[in-house]
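All of the numbers you see were taken from the coordinates with simple rules; none came from a lab. Just so we're clear, the structure is a prediction, and the values are computed from it rather than from any experiment. No Cβ is skipped: glycine too gets one built from the backbone with ideal geometry, and neighbour counts run over all protein chains shown.
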Amino acid sequence: MTEQADFVVVGLGAMGSAVLYQLAKRGADVIGVDRFAPPHQMGSSHGETRITRQAVGEGGAYAPLVLSSHRIWRELEGDTGERLLSDCGVLVMGPGTGSTSHHGKPDFVARSIEVARGFGIVHEVLDGAEVARRFPQFLGLAGNEKAYYEPDGGYVFPERCIKAQLMRAAQLGAQVRTGLEVRSISQQGSVRIETSDGTIEAGQVVVSAGSWTAPLLGAPFDRLLTVNRQVLHWYELDDLTAYGPNAPAFIWMHGATDVDYFYGFPPLPGDHRVKVATEQYETRTTADTINREVDPVESEAMYRKHVQGRLAGAKPRVAHAAACLYTVTPDRGFIIDHHPRHDRVFVISACSGHGFKHSAGIGDVVAERLTEGHNQVDLTAFSIARFA
Ligand SMILES: Cc1cc2nc3c(=O)[nH]c(=O)nc-3n(C[C@H](O)[C@H](O)[C@H](O)COP(=O)(O)OP(=O)(O)OC[C@H]3O[C@@H](n4cnc5c(N)ncnc54)[C@H](O)[C@@H]3O)c2cc1C
């Protein structure tokens, strides 16, 4: 028997759970499908926390998405009683001389300041000396560092956000199918979705399959999307005194190149660990072949290169580590667009390692586009045509 639905959302991680919730809120007839049971550890949305910055140095086109996400998470907190967003503040810091790029964008600190000014986002511009005075968690500062501080930024809890959106979607009438793998998607009039347990015919489909997008859809996504393994490390803190209630999440570019940097989070309430990570774009993997084990040698190298002498109280003892997946486009931006050959298939790429903060807003704008045929937020910057 072939099931029918107006909309099917394939993949219920950060992006898919957001779209499903927003479609259900609009009263749509929608089925959400995931091969696992989100939130889970197999994709790009695990590891307790994700940084959120409202003034995104990646560019002004992103700002409406993250601003909308913050509104939606607060609304969901009200609906569910779950804490989703911590506005502990966020600091983006670069060296005193030179301009360091990040996520493929030059002079990331200056770009963050420019976006904050353009969108009226509350912020301060600090030097390293002021950072050291206000935030004793950071050590070894020269004093002339350039920093962007956003008091309303901070971090979100990704697993809780996904869970809350799936729960609300189900309460609002969406069908949530977990443990169901989509094997193929084809469009001939309506869209036919072959799954590991039957066929679904849909008016429109949203593919938000994260790192599995290229294997599922093939060309041109196999040419455009690269998957990189990333590692999160939690180091034990032997002293929490430097981490008061206003200790911010941070992105710290301490050298001249894209890889001389790490980011991290203050310890969660009641915790005595600091979570940090850096990024790598050299070694490719796939969602099915990634090495999910983290060798202690990787955590030792991370500590020596980035953490040692920079974070107060952080010891080389690794409390936990996890591997995660970035799915990256050639310009490290997003794809939020119709499939170039199938106008009833809408694709949201896994968003190049900086997507979580935008996910709730992306869900809203995509649901608006699919149900109303237009969208208030301009998605031109995320079109697939830019790679033609
Ligand atoms: C280590 C790390 C740190 C990050 N830090 C930040 C940060 O600080 N701030 C920030 O904003 N962003 C950050 N990001 C990026 C952000 O987490 C991702 O952009 C986002 O989580 C991607 O969500 P997604 O929904 O595309 O993918 P996922 O959450 O992986 O969801 C994809 C889903 O699709 C399902 N699926 C796949 N194929 C199929 C199929 N064939 N059939 C059925 N289901 C399928 C999967 O099971 C999965 O549940 C980080 C990412 C990583 C990995």
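Cross-link partners among aspartates and glutamates for LYS163, C-alpha distance below 16 Å, same-chain residues fewer than 8 apart left out?
In chain and number order, the partners are ASP34, GLU48, GLU75, GLU77, ASP79, GLU82.
For helix 108-119, report the angle its Cα long axis makes with the longest principal axis of the Cα atoms of the chain; keep it between 0 and 90° and round to the nearest 10°.
Helix 108-119 sits at roughly 60 degrees to that axis.
Based on the Cα atoms of the range 203-285, what semi-axes does the equivalent ellipsoid have, where each is the square root of 5 times one gyration tensor eigenvalue, given in whole Å with the largest first?
35, 18, 11
What spacing in nm lies between the two simple spin-label points modelled at HIS320 and ALA381, each 7 Å away from Cα in the Cβ direction?
The two pseudo-label positions are separated by 3.3 nm.
Seen from all sides and averaged, what is the projected area of the convex hull of the Cα atoms in the range 221-369, in nm²?
So the mean shadow area of the Cα hull is 11.1 nm².
How big is the range 63-175 on each of its three principal axes, counting only the C-alpha atoms and giving the largest first in Å?
Reported extents, whole Å, longest axis first: 55, 27, 23.
Need one number: nm distance between label points at GLN41 and ALA129, each 7 Å from Cα along Cα→Cβ, rounded to one decimal.
Reported label-point gap for GLN41 and ALA129 is 4.7 nm.
Quick one: net charge around THR52, please, counting Lys, Arg +1 and Asp, Glu -1 for every other residue with C-beta under 11 Å from its C-beta.
0
Please compute the alpha carbon radius of gyration of the range 247-313, then divide it by the globular-protein estimate 2.2 N^0.38 Å. Two decimals is fine.
Scaled against compact globular proteins, the figure is 1.25.
Taking 7 Å along the Cα-to-C-beta vector as the label spot, tell me the ARG341-SER186 distance in nanometres, rounded to one decimal.
Computed distance between label sites ARG341 and SER186 equals 1.2 nm.
Sketch the reach of a paramagnetic label on ASP6 as a point 7 Å from Cα along Cα-to-Cβ, and name the residues of the range 332-370 whose backbone nitrogen lies under 18 Å away.
Those under the cut-off are 344-346, 363-370.
Please compute one quarter of the surface area of the Cα convex hull for the range 1-141 and express it in square nanometres.
12.0
Per the Debye formula with a single identical scatterer at each Cα and no solvent contribution, what log10 I(q)/I(0) holds for the range 322-388 at q = 0.11, 0.19, 0.22 Å⁻¹?
Treating every Cα as an identical point scatterer, log10 I(q)/I(0) equals -0.26, -0.77, -1.00.
Roughly how big is the chain's charge dipole about its Cα centre, with Cβ charges of +1 (Lys, Arg) and -1 (Asp, Glu), in debye to the nearest 20?
I would put it at about 180 debye.
Can you give the % of DSSP beta bridges in the range 1-149 that are antiparallel, to the nearest 5?
Antiparallel bridges make up about 70 percent of those DSSP assigns within the range 1-149.
Can you give the FRET efficiency for ALA301 and LEU268, using 1/(1 + (r/R0)^6), R0 = 25 Å, r = Cβ-Cβ distance, to the nearest 0.05?
Working from the Cβ atoms, E equals 0.50.
Between their Cα atoms, which of LYS25/LYS275; LYS146/LYS305; LYS146/LYS275 are more than 31 Å away from each other?
LYS25/LYS275, as the Cα separations exceed 31 Å there.
Which order do CYS351, CYS88 fall in if you start with the one that has the fewest other Cβ atoms within 10 Å?
CYS88, CYS351
Only counting other Cβ atoms within 10 Å, I'd like LEU268, LEU20 sorted with the fewest neighbours first.
Lowest to highest Cβ neighbour count: LEU268, LEU20.
Over the Cα atoms, compute the radius of gyration (one decimal) and Dmax (the largest Cα-Cα distance, rounded to a whole number) for the range 95-247, in Å.
22.9, 63
For the chain, what is the relative contact order in percent, using Cα pairs closer than 8 Å and at least 6 residues apart in sequence?
Relative contact order for the chain comes out at 25 percent.
Working from Cα positions, state the angle (0 to 90°, nearest 10) between the long axis of helix 14-25 and the longest principal axis of the chain.
That helix lies at roughly 50 degrees to the long axis.
Between ARG26 and THR257, what FRET efficiency comes out of the Förster formula 1/(1 + (r/R0)^6) with R0 = 45 Å and r the beta carbon distance, rounded to 0.05?
The pair THR257/ARG26 has a calculated efficiency of 0.50.
Which parts of the range 1-44 would a label at GLU201 reach, counting a residue when its backbone N lies under 11 Å from a point 7 Å out along Cα-to-Cβ?
Once the point is set 7 Å along Cα→Cβ of GLU201, 2-5 turn out to lie under 11 Å by backbone N, inside the range 1-44.
Just how many % of Cα pairs in the chain lie over 26 Å apart, if you round to the nearest whole percent?
51
As a test of the formula, what do you get for the chain when each DSSP H run with n ≥ 4 contributes -39,500 (n - 2.57) and the sum is divided by the residue count, at 222 nm and rounded to the nearest 500 deg cm²/dmol?
-7500 deg cm²/dmol, from helical runs alone.
Based on other C-beta atoms within 10 Å, arrange ASP288, ASP258 from fewest to most.
With the fewest neighbours first, ASP288, ASP258 line up as ASP288, ASP258.
Angle check, please: helix 356-372 long axis (alpha carbons) against the longest principal axis of the chain (alpha carbons), in degrees 0 to 90, nearest 10.
30
Working out 0.36 nm times the residue gap between GLU194 and THR286, then minus their Cα-Cα distance, what length gain in nm do you get to one decimal?
Stretched out fully, the GLU194 to THR286 stretch lengthens by 30.9 nm.
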